[in-house]
Amino acid sequence: MLAGDYVRRGTAEFVGTFALIFVGAGAVAFARTTTDMKWVLPSGAASGTHLGAPALGGISSGKGVTVEAVLTFFLVWVVFATVVDPRGSLKQVAGLAIGLTITFDALVGLGLTGGAMNPARAFGPQLVANHWSHFWVWYVGPIAGGAIAALIYEGLYLTPARSKPGDPMVVDEPASGTAAPD
């Protein structure tokens, strides 16, 4: 139904991405320039923006890896449930579900780790700002969280259920043009 509707899909993707970046960058800029917000934000989060490079906001690098892994786990899980799973019933609102997940992840992660959720999101600002402090947090965490989410989702939802003893046997029909085995 949506195949070939690239203009509407592309526009929706652009608007959603622009909104998230605009709001996220505005929040970071506001936190950096406002001295009255220091009682709410840890000083590391307010002063460690480095041109958008993620930074640890008062937590250890081990905890940072865990936070990034959990945030990315949720994001990849929602992508699988809305876009990848052929039985997914939320395909029409996949962008909204993914965008809300990124928003919720950012609300939790911005003050703790910068909420990168993607090594590419961390690499660009790190390269431009030449800020590599604890760089591995934003590579190991998202890769681990994404891999775990993909493996669990595939195992639970995408892999056909195995039959149990006593269940009627289900035999798949052969693909057209192939002969069934004798």
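A few notes on this one:
- Number of the condition not met by residue 91 [criteria: (1) out of contact with any helix residue (DSSP H, G or I) (no Cβ under 8 Å at 6 or more places or on another chain); (2) modelled with pLDDT under 90]: (1)
Quick grid of which residues meet (1) exposed (fewer than 10 other Cβ atoms within 10 Å of the Cβ); (2) at pLDDT 60 or above; (3) in contact with a helix residue (DSSP H, G or I) (Cβ under 6 Å, 6 or more places away or on another chain); (4) under 17 Å from residue 122 (Cα atoms):
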| residue | (1), (2), (3), (4) |
| --- | --- |
| 7 | yes, yes, no, no |
| 12 | no, yes, yes, no |
| 56 | no, yes, yes, yes |
| 66 | no, yes, no, yes |
| 81 | no, yes, no, no |
| 86 | yes, yes, no, no |
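- Any pair with Cβ under 8 angstrom, 6 or more apart, that starts in segment 77-88 at a residue that is aliphatic (A, V, I, L, M) and ends at one that is surrounded by fewer than 19 Cβ atoms within 10 Å (Cβ to Cβ) and not in a helix (DSSP H, G or I): 81/88; 81/90
- Test for residue 101: is it in contact with an Asp or Glu (Cβ under 6 Å, 6 or more places away or on another chain) and touching a residue at least 24 places away in the same chain (Cβ under 8 Å): no
- The C-beta contact set for segment 140-157 (first residue closer than 18 Å to residue 101 by Cα, second residue of a type in the set (D, E, K, R), distance under 7 angstrom, 6+ apart or interchain) comprises 141/68; 142/68; 145/68.
- Leading residue by the ranking (surrounded by the fewest Cβ atoms within 10 Å (Cβ to Cβ)) among those in segment 98-134 that are over 24 Å from residue 79 (Cα atoms) and polar (S, T, N, Q): 130
The values are calculated or read from the model by the stated rules, or taken from the named source; none is laboratory data. As the structure is a computational prediction, the values presented were derived from the model and not from experiment. Neighbour counts are summed over all protein chains in view; Cβ atoms, including those assigned to glycine, are modelled from backbone coordinates with ideal geometry.
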